[in-house]
Amino acid sequence: MKIWNSKYALTKGLIEQEGEEVGDSIVKVGSLQYLHGEGKEWHRIRESAAAQAEVMRKAKIASVRKQLARLEAMRFDA
């Protein structure tokens, strides 16, 4: 079956792949890769994968902003 892989959306983008459902919400892609959680790491439709990628993007932006604030607050004055 065709699936959309969103596990690495922030580094590789959304990946359309052929997968085989092997368990409850688990898909085998290729010979060694397993994706867990339909709606989290893999999706049946592209729009669902894009929505998850957007959630991931917003969370990463918030994390980077928080990290930037910590770095800007650091002072090394004598």
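Numbers at a glance
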read-out	value
Close pairs (8 angstrom Cβ cut-off, 6 or more residues apart or separate chains): under 18 Å from M56 (Cβ atoms) in segment 21-40, among the aromatic types (F, W, Y) anywhere	L35/W42
Options A59, A53; residue that is surrounded by 13 or more Cβ atoms within 10 Å (Cβ to Cβ) and over 13 Å from K2 (Cβ atoms)	A53
So V64, is it more than 13 Å from E16 (Cβ to Cβ) and either within 10 Å of the chain's Cα centre (by Cα) or not aromatic (F, W, Y) (or both)	yes
Total residues in segment 1-58, condition assigned to a helix (DSSP H, G or I) and among the acidic types (D, E)	2
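FYI, it's all coordinate maths here, none of it is from the lab. The structure displayed is predicted, hence computed values, not measured ones. Reconstructed Cβ throughout: ideal geometry from the backbone, glycine too, with neighbour counts over all protein chains shown.
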